[in-house]
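Just below is one structure, and these are the notes that go with it.
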């Protein structure tokens, strides 16, 4: 490709980076980034074959003993640390960062320099992960890295020669980056626990995959809403509704200061995201008077397990909400195949915690794409549910929490159990949340009473990989979710959680 240099972006001992454009006269000349690095960076040959919507495309890569030359896509935007983003948009960016890291780690590529300045918030509203100069392909036979690179403050101890870096190295830097982007909001429980586990100095005590981070962010946000509401019930004796921060329109400038005369000559509009969107969940509706939401299952959603996100609306009348004008009072999500009804090809989830003040409630649900093959679907709106149980009594609190171990055909099974299961209706649901000895969220699982009885009545199963650390201990809480919202509230758990709400410790 013939091109001409427009501007020197950066020059250092490592090499030079230029903004360049096509030299041949074209109606719409493209801009590119040209990197000339001293030494060999074969990682770019591997990346040239990688295609992901949150990675810049590499057009040319040349590696010789003396230097490496890379010609890559120019991304119009700003580094995410400079973008003025709402909390919601930061969370969306974190989800996108998880998606691209999960893709890279699946190819054994470790970035090793995750930080805000290496994440571009592009003009199209999505991120791009850049600067793979420190990246490497993980090799099982190596005990430690041969090249020690990274940014102090974002790099974990093993990146300074103590061990070979792996996916957990990027997980550490992800936690530091998330903390930087959230600022004062990082102290919220839904973020604090995730950040603490990501940034544990011992790699074995971090999340072991980016997939686990995505689950923790999704469930942690949901659990925090539960705890906040529980405190309000106890302190005020009345139930209030809280709101997620308002969205606002934001402007994005270019990451490179291109001369104005160049901008007049060159069109640099980003192409729209070409990922096809998933089909929206079909026929979302309330299941009778149960407060349980039901919608058509979208098998292509999620990664390995289906995933959805939803928004809850409360209206004063039975006039449906206008998603373009009416604000939702809470948003949440779920991931997992446990809510699938195979016979009807539907998905169900207990939404009763969001029914606080009397009124007419609606929910809108979207299928979550993997961001590799599919983007998220559009939101589909449910019918209305008339809620009249604002002053109804609470369900009993689960008591006598304990771990139950038994063997089946798959090996040792560990279940969370409690004594008073008989006090609940078959459609009432139970959310078991597991914590480690440092108080970090580990995982959660939700089954109905009917599910528990159908699967042997031995409690809610916790997958063994979440309890596998021999140097750790685990305990759980249980919250009962009503299926009769006009007669009973879901049980509440105060925040911080008192000791009496925890099970005994489990140790391998």
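The values are calculated or read from the model by the stated rules, or taken from the named source; none is laboratory data. Owing to the predicted nature of the structure, the values given are computational and were not obtained by experimental measurement. Ideal geometry is used to build each Cβ from the backbone, glycine not excepted, and the neighbour counts take in all protein chains shown.
Flag set for residue 207, criterion: modelled with pLDDT under 90, touching a helix residue (DSSP H, G or I) at 6+ places or on another chain (Cβ under 9 Å) and either surrounded by 21 or more Cβ atoms within 10 Å (Cβ to Cβ) or not in a helix (DSSP H, G or I) (or both).
Quick one: how many residues across region 481-506 are assigned to a loop (DSSP other than H, G, I, E, B), touching a strand residue (DSSP E or B) at 6+ places or on another chain (Cβ under 8 Å), within 30 Å of residue 470 (Cα to Cα) and at pLDDT 90 or above?
Taking region 481-506 and keeping what is assigned to a loop (DSSP other than H, G, I, E, B), we get 482-488, 490-498, 502-505.
Add one more test, that the residue is touching a strand residue (DSSP E or B) at 6+ places or on another chain (Cβ under 8 Å), and what stays is 482-483, 485-486, 488, 490-493, 497, 502-505.
Next, only the ones that are within 30 Å of residue 470 (Cα to Cα) stay: 493, 497, 502-505.
Still in the running and at pLDDT 90 or above: 502-505.
Final tally of qualifying residues: 4.
Filtering region 283-306 to residues that are under 19 Å from the mean Cα position of the chain (by Cα) and crowded, with 16+ Cβ neighbours inside 10 Å leaves 298, 301, 302, 303, 306. How many residues are in a strand (DSSP E or B) and either free of Cβ contacts under 8 Å to residues at least 12 places away in the same chain or in contact with a strand residue (DSSP E or B) (Cβ under 7 Å, 6 or more places away or on another chain) (or both) when one looks only at region 396-433? Within region 396-433, residues that are in a strand (DSSP E or B) and either free of Cβ contacts under 8 Å to residues at least 12 places away in the same chain or in contact with a strand residue (DSSP E or B) (Cβ under 7 Å, 6 or more places away or on another chain) (or both) number 18. Restricting attention to region 56-64, does a residue exist that is under 30 Å from residue 208 (Cβ atoms) and modelled with pLDDT of 90 or more? Checked against the condition, which is being under 30 Å from residue 208 (Cβ atoms) and modelled with pLDDT of 90 or more, region 56-64 yields at least one hit. When region 186-204 is limited to residues that are more than 16 Å from the chain's Cα centre (by Cα) and in a helix (DSSP H, G or I), the one that is surrounded by the most Cβ atoms within 10 Å (Cβ to Cβ) turns out to be 203. Elements of the type strands (runs of 3 or more DSSP E) sitting completely within region 18-131 and holding at least 1 residues that are under 29 Å from the mean Cα position of the chain (by Cα) and surrounded by fewer than 16 Cβ atoms within 10 Å (Cβ to Cβ): these cover 77-79. Among the residues making up region 335-361, those that are assigned to a strand (DSSP E or B) and over 18 Å from residue 450 (Cβ atoms) are 335, 359, 360, 361. Taking region 461-480 as the region of interest, how many residues are in contact (Cβ under 8 Å) with a residue 60 or more places away in the chain and in contact with a strand residue (DSSP E or B) (Cβ under 8 Å, 6 or more places away or on another chain)? Residues meeting the conditions: 7.
Test residue 373 against the criterion of being in contact with a helix residue (DSSP H, G or I) (Cβ under 9 Å, 6 or more places away or on another chain) and in the same structural domain as residue 299 (by TED's automatic domain parsing), and give yes or no.
So residue 373 fails the test.
Scanning region 447-459 for residues that are in contact with a strand residue (DSSP E or B) (Cβ under 6 Å, 6 or more places away or on another chain) and either modelled with pLDDT under 85 or surrounded by 21 or more Cβ atoms within 10 Å (Cβ to Cβ) (or both) turns up 448, 458, 459. Tell me, yes or no, whether region 315-330 has at least one residue that is crowded, with 19+ Cβ neighbours inside 10 Å, assigned to a strand (DSSP E or B), modelled with pLDDT under 95 and touching a helix residue (DSSP H, G or I) at 6+ places or on another chain (Cβ under 8 Å). Yes, region 315-330 contains at least one residue that is crowded, with 19+ Cβ neighbours inside 10 Å, assigned to a strand (DSSP E or B), modelled with pLDDT under 95 and touching a helix residue (DSSP H, G or I) at 6+ places or on another chain (Cβ under 8 Å).
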